[in-house]
1. Please give the length that would be gained between residue 75 and residue 236 if that part of the chain were fully extended, namely 0.36 nm times their separation in residues minus their C-alpha to C-alpha distance (nm, one decimal).
2. Cα axis of helix 122-131 to longest principal axis of the chain: angle in degrees, 0 to 90, nearest 10?
3. With 30 Å as the limit, write out which pairs from 166/210; 109/243; 107/237; 86/210 have Cα-Cα distances beyond it, or answer none.
4. Select from region 140-226 those chymotrypsin sites (Phe, Trp or Tyr not before Pro) which occupy a DSSP coil region and have at most 12 other Cβ atoms within 10 Å, ordered by residue number.
5. Roughly how many Å is it from the Cα centre of region 75-95 to that of region 121-185, as a whole number?
6. So for the pair residue 214, residue 228, with labels modelled 7 Å out along Cα→Cβ, what separation do we get in nm?
7. Of the listed values [x] 66, 45, 38; [y] 61, 38, 33; [z] 66, 36, 35, identify the label whose number matches Cα extents along the principal axes in Å calculated from this model.
8. Label 7 Å along Cα→Cβ of residue 16; region 90-114 residues with amide nitrogen under 18 Å?
Amino acid sequence: MNEQLSIFDLTMPYILVDKPIRLLEMFAGIGSQAMALRDLGADFEHYRMIEFDEHAVRSYNAIHGTSFPVTDIRNVHGEDLGIVDKDTFTYLLTYSFPCQDLSAAGKRKGMKKGSGTRSGLLWEVERLLRETPKLPDILLMENVPEVIGANNIDDFHLWQDFLVSKGYTNYVKILNAKDYGVAQNRNRCFMVSLLGEYNYHFPEPIPLTKCIDDYCEDIVDESYYINTEKAQNMIKKAIEEGKIEVSKTDRGIELTSRKDNIGQGEGF
């Protein structure tokens, strides 16, 4: 379904990324944003990667063939971003800052500036953007929906106001993974910030054609099975609720997820 035209469609142009992308990933994890660019076939380079967790950095380097060191964003300065040749490159900075203090599954300590919480590391990005003489062309934020919830909306508005003061136009929307081809009911809040007055529309949902069963291997070594009382009780409950089906095969008893079963996920 096409979105209704707005005044912005008539007065503001869409941003055109027609130059190679230099990707700067803050709080990079294992590089999910880089994976997305790779899968889209984008012309990009792993330009800067900031991640504090040594295990995540090791995984990132193994996945992407890079050799980035473990880095604390609090020790990074604006000049370290290396934003220099904007006539030749488009600079994309991503910042999926820690959600532990925002998530409904956590203690909800918040992200207030100066609070010292993990989610409060967002404001290190503010510091970097103040310090760098040249700004990234595009910013991409991804976090749990609670980032714009009642407990955090005032701080989020402060963050948006700062970005506007630096010349960015912000677009915010909560997207669900199940609306974009992934068999998981997983809501996340995204904000795209464009340097300048540009128009932007988030992608339209697509039909879901997969279920959890499509991701599962047919044969799994027994060493990977969890054989505990808690696991057995979970399986029993899932069978009683009709979420999985039991069948007999030549290999023994098999449990199969129902085709209409979509995985739930909150996560950090």
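1. Details: separation 161, 0.36 × 161 = 57.96 nm, distance 4.99 nm.
Gain on stretching residue 75 to residue 236: 53.0 nm.
2. Around 30 degrees separate the two axes.
3. Working: 166/210 42 Å; 109/243 35 Å; 107/237 28 Å; 86/210 41 Å.
Cα-Cα > 30 Å for 166/210; 109/243; 86/210; rest within.
4. Details: sites: 156, 159, 162, 168, 171, 180, 190, 198, 200, 215, 224, 225; in loops: 198, 200, 225.
For chymotrypsin sites (Phe, Trp or Tyr not before Pro) across region 140-226 that sit outside H, G, I, E and B with at most 12 neighbouring Cβ atoms in 10 Å, the list reads 225.
5. Between the Cα centres of region 75-95 and region 121-185 lies a distance of 17 Å.
6. With each label placed 7 Å out from Cα toward Cβ, I get 3.1 nm.
7. Among [x] 66, 45, 38; [y] 61, 38, 33; [z] 66, 36, 35, the one calculated here is [x].
8. 90-91, by backbone N distance to the label point.
Every number here is computed from the coordinates shown, using simple stated rules; none is lab data. Being a predicted model, the structure only gives us computed values, none of them experimental. Every residue, glycine as well, gets a Cβ built from its backbone with ideal geometry; the counts of neighbours run over all protein chains shown.
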